[in-house]
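Here is the structure we will look at.
Values in this text are rule-based calculations from the coordinates and carry no lab data. Treat the numbers as computed from the prediction; the structure is a model and nothing was measured. Positions of Cβ are backbone-derived with ideal geometry, glycine not excepted, and every protein chain shown enters the neighbour counts.
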């Protein structure tokens, strides 16, 4: 009984997160300024992380959480380097 | 025990999805960059962390990976938000309805 509720909840959450990803992608396309678009890319990376975690819950595999860990590290380093580049015109 | 863990998982998924939806709604409704950054930080910290708590409860084989990712997100979320806010301030984006700006004197004093 509760297992059916869990599966249904995971499916609905996955659907909602994919809709939110589309909305964030639309905001990358026409944001107001450069920081706004950069925040939308960060939001898209975070929602991809959430979709990977939900995929791990659907298939009950641990490899998706490992992929989410790699994506989180790459997104963090990319965002910090890009913010530094915008504010100072330098990458390091 | 199995039922208890699954109830924890359902609760975590519902709370995390709610935080994600509210964060994206705030990202569209708030007026300027700095307040939007507040809403985006909620998606990054609370939304994914509650989903990871659900994943750690529902798949007991791999809860260590989930705990590592939770601590990584809790460490890097504020750092990313601070870097983006600092860049937005340095390129001179305006704050709507700002009452007091203490950082302006500091930045001007450092540049002189």
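Compared with the dominant principal axis of the Cα atoms in chain B, helix B:2-29 is inclined by about 20°. With no solvent and one equal point scatterer placed on each C-alpha of the stretch A:35-89, evaluate the Debye formula and give log10 I(q)/I(0) for q = 0.18, 0.21 Å⁻¹, two decimals. The computed values of log10 I(q)/I(0) come out as -0.62, -0.75. The mean number of partner chain beta-carbon atoms within 10 angstrom of a residue's beta-carbon across peptide A:53-60 is 5.
Which one of B:67, B:49, B:99 has the biggest mean-square fluctuation once chain B is modelled by GNM with Cα springs under 10 Å? Greatest mean-square fluctuation among the candidates belongs to B:99. Normalised by the number of residues in the stretch A:2-88, the mean separation of alpha-carbon contacts (under 8 Å, six or more apart) gives a relative contact order of 25 percent.
Mean per-residue shielding of peptide A:75-88 is 5, counting Cβ atoms of other chains within 10 Å of each Cβ. Per residue of peptide B:91-101, the mean number of Cβ atoms on other chains within 10 Å of the residue Cβ is 1. Relative to the longest principal axis of the Cα atoms of chain A, the long axis of helix A:34-59 makes an angle of roughly 20 degrees. A prolate overall shape is assigned to chain B, the ratio a/c of its alpha-carbon gyration tensor axes (a ≥ b ≥ c) being 1.5 or greater and a/b exceeding b/c.
What's the long-distance tail for chain A, i.e. % of Cα pairs beyond 22 Å? When every Cα pair of chain A is considered, 41 percent fall beyond 22 Å. Here the stretch A:15-60 and the stretch B:1-53 have alpha carbon centers that stand 13 Å from each other. Here the Debye sum runs over all C-alpha atoms of the protein assembly as shown as equal scatterers in vacuum, and log10 of I(q)/I(0) at q = 0.09, 0.19 Å⁻¹ comes out as -0.37, -1.28. Angle of helix A:63-88 to the longest C-alpha principal axis of chain A, folded into 0 to 90 degrees and rounded to 10: 20°.
Per-residue Cβ neighbour counts within 10 Å put B:48, B:22, A:58 in the sequence A:58, B:22, B:48, beginning with the fewest.
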